[in-house]
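To start, the structure itself, in structure tokens.
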Amino acid sequence: MKPSPRVCCTSKRSVQGICLTTREYHGDTTLPFLMALIKGWNKEFGLEMVQVDLVGGYYDAGDNVKFGLPMAFTITMLSWGVLEYGREIAEAGEYEHALEAIKWGTDYFIKAHTHPTLLWVQVGDGYTDHYCWQRPEDMTTSRRAYKIDQDNPGSDVAGETAAAMAAASLVFKDTNPHYYDMLLEHAQQLFEFADKYRGKYDESIEEVKGYYPSWSGYKDELLWAALWLYKATNKEHYLEYVVNNAVSFGGVTWAINEFSWDIKYAGVQIMASMLLGGERHKETLTQYKAKAEHYICGCLNKNKDSNVRLTPGGLLYTRRWNNMQYTANAVILLTVYSEHLKTANQTLLNCSTGSVTPKEIFHFAKLQVDYILGSNPMGLSYLVGFGPKYPLSVHHRGASMPSYVNERGFIGCTQGYDYFYGRLYPNHNILIGALVGGPDDHDQFEDKRSNFAQSEACTYNTAPLVGIFAKLGSLGRNFSHFSSIAFT
């Protein structure tokens, strides 16, 4: 059975897919990078109001739960892409779409932050949700909401939400000054809350432990949030926080080879190193720079040890479960840092086993994108909807079932498993722009709905690549074109 025409959603009222298309980049086609980010359900479907209106926000992946930590990271990374490559996104005619996607998330965070020391950080229960396979319009599972406060702290999720709102504030600074001020006020309050009442959110909310526990703790999020607040406000005390806590919080002691919704150290180190200039905080920022370059060199396999694994086909490989999130995040860090080196007139980065140029760093990042889009042993694009061959059985409830617009008959909790989850033919709806978990360490991928470690798509997989795709699209088809523009 062939899938239905390309759609990004199951209900016009409940889902938004934003189709961002760059100019020609890969072969003779245009590069679609769609924000297949599922919005919260409106008054007709899954109204989520407890003591507070929690309508809005994003589900994390193929389920129907709003998890605050990965949602906030999604908005941070999407905002970062817009800040770095806003001009290129605008050239593609998609700037307003990108802002709309960010604002849908930050509007939700504003609603969820009902008091300076209270933040609602989850809607729905992963355990009951995963028992069912239902469209959001048919949900019969718990919509219980979970919060953190002074007595039940969550410095990690509060810190990441502060980072998201600070990063987003910069996106809206020129076009919507009032919204900029509002986001910044919430971001500063959340940071103060996170720092004053310290604790891991998975120790306050038992229900999150099986899904998005904070393995790295909260100190990386506090540094991350402080950096974004410094970037947004230019207030010196935020930078001093990053400098003064560099050792005790692990900022200059952890040598990290991954960057994700959980572990922010590599992002912290990259951002902090880009502030190095002159004598101000030179010693500490130089230490941050050393750890940032350890991450970059590790991605390029230029460290003496502690490198990121590569599959035989050349993909950065961190772990089996949703590996593409680590690849996508590496791509933005590599790209941003390569451009920083060029701007700083640093022609070489000296790794322990050899030197690399900014051009070589960017080229490696581009090879990762090429792999994602189909230049791999499977000949498969892992970005759904792009190219002639891509996953058709994405692990995603809404995509796997008939659109509610076309078929309004109620689908019960386990009926979805009986009639849709286990079927061997493609999803009813093509989730264009979703980046699935990707292949294993031998470049193999099994396109099955039940193979959720590989076939599930997450918001935080796609978000880091939006700006990158726009950048590549603006540079044309040839890497030599980029070379002549950016590195001569």
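The values are calculated or read from the model by the stated rules, or taken from the named source; none is laboratory data. Because the structure is predicted, anything quoted here is derived from the model rather than measured. Glycine also receives a Cβ, built like all others from the backbone with ideal geometry; neighbour counts cover every protein chain displayed. Heads up: the accessible areas ignore ligands, DNA and RNA and are worked out on the full protein's heavy atoms, side chains in. Shrake-Rupley method; radii C 1.70, N 1.55, O 1.52, S 1.80 Å.
Side notes on the structure shown:
- Per residue, the chain exposes 37 Å² of solvent-accessible protein surface, assessed with a 1.4 angstrom probe and all protein chains in place.
- Rg in Å to one decimal, and Dmax rounded to a whole Å, for region 347-463 via C-alpha atoms: 18.3, 62
- Straight-distance crosslink candidates among aspartates and glutamates, where the alpha carbon sits under 15 Å from residue 173 and sequence neighbours closer than 8 are dropped: 84, 96, 100, 181, 185
- Our analysis of region 311-401 gives Rg over Rh at 1.07, with the two radii drawn from alpha carbon positions and Rh computed by the Kirkwood formula.
- Each stretch of four or more DSSP H residues adds -39500 (n - 2.57); spread over every residue of the chain, this sum gives -13000 deg cm²/dmol at 222 nm.
- Rolling a 1.4 Å probe across all protein chains gives residue 359 an accessible area of roughly 80 Å².
- Over all directions, the projected convex hull of the C-alpha atoms in the chain averages 21.2 nm² in area.
- Cross-link reach list, aspartates and glutamates versus residue 304, counting only Cα pairs under 15 Å and skipping chain neighbours closer than eight places: 293
- Cross-link partners of residue 366 among aspartates and glutamates (Cα-Cα below 14 Å; sequence separation of 8 or more within a chain): 339
- The overall shape of region 100-145 is oblate: from the C-alpha gyration tensor, with semi-axes ordered a ≥ b ≥ c, the ratio a/c is 1.5 or greater and a/b is no larger than b/c.
- When only alpha carbons are used to place a centre, region 255-304 and region 165-209 end up 23 Å from one another.
- Relative contact order of region 349-409, taken over Cα pairs closer than 8 Å and 6 or more residues apart, is 14 percent.
- Here the chain is treated with +1 on each Lys and Arg Cβ and -1 on each Asp and Glu Cβ, and its dipole about the Cα centre works out to around 740 debye.
- Computed from the C-alpha gyration tensor, the three semi-axes of the ellipsoid equivalent to region 89-248 are 27, 23, 13 Å, from longest to shortest.
- Alpha carbon convex hull of region 184-294, projected area averaged over orientations, nm²: 7.1 nm²
- Accessible surface ranking that places the most exposed of 100, 206 first, with a 1.4 angstrom probe: 206, 100
- Chymotrypsin sites (Phe, Trp or Tyr not before Pro) restricted to region 209-254 and DSSP loop, no more than 11 other C-beta within 10 Å: 215
- Relative contact order (%) - the chain, alpha-carbon pairs under 8 angstrom, separation at least six: 22 percent
- Only protein heavy atoms count here; under a 1.4 Å probe, residue 471 has an accessible surface of about 30 Å².
- Exposure of residue 237 as accessible area (Å², to 10), given a probe of 1.4 Å and all protein chains: 100 Å²
- Protein accessible area in the chain, 1.4 Å probe - carbon and sulfur %: 50 percent
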